[in-house]
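Read-outs throughout are calculated quantities, based only on the coordinates presented, and are distinct from any laboratory measurement. Predicted, not measured: the structure shown is a model, and the values here were computed from it. Because the Cβ atoms are built from the backbone with ideal geometry, glycine has one as well, and the counts that use them run over all protein chains shown.
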Amino acid sequence: MYRSLFPRDLFAELDRLQREMQQVFDLSPSIRGFGRGGFPALNIGSTPTSVEVYAFAPGLDPARIEVNLDRGVLTLAGERAPLADANDEKQTLHINERFAGRFRRVISLPDDIDPAGVNASYRDGVLQVSIPRKASAQPRRIEVQ
């Protein structure tokens, strides 16, 4: 009878190899989208009145998150502590996909933002930074006479 040379599922191993190779090159998209860009994962969008940045960072103390805005560059920095039982000598860790350590994300913002009105809030593991646009940059309707 045929006996597998590999103790694991071959397709799972091929999938793991593809993910590792994609992380090395981080250039081409796959069916899952582009490779991970770092921690925390970001969503950045804009409205006519503001720029919205969402950082998905569960398990952080909001007091330890640094949010800085300097000359149109938004910087998010902080540290995520490792899990307590990750250092247990009796435990063997096979897969560790949870990020632990210092992080820093830098985002270039458009020129029409108003740095005086920045608002940051952290709720349910999501940091939301809202940066209003300058009133002069917002679209307005001009009445024709």
Inset, instruction - Using DSSP to define loop residues, name the trypsin sites (Lys or Arg not before Pro) in the stretch 46-121 whose beta-carbon has at most 14 other beta-carbon atoms within 10 Å. - result: Arg71, Lys90, Arg98
Inset, instruction - Starting at the first residue of the stretch 95-103, write each ³J(HN,Hα) from the Karplus equation 6.51 cos²θ - 1.76 cosθ + 1.60 with θ = phi - 60°, in whole Hz, x for Gly and Pro. - result: 9, 10, 9, 8, 6, 9, x, 6, 9
Inset, instruction - May I ask you to list the GluC sites (Glu not before Pro) in the stretch 65-145 that are in a DSSP loop and have at most 12 other Cβ atoms within 10 Å of their Cβ? - result: Glu89, Glu97, Glu143
Legend entry - Ranked list, fewest to most other Cβ atoms within 10 Å of each Cβ, for Val67, Val106: Val106, Val67
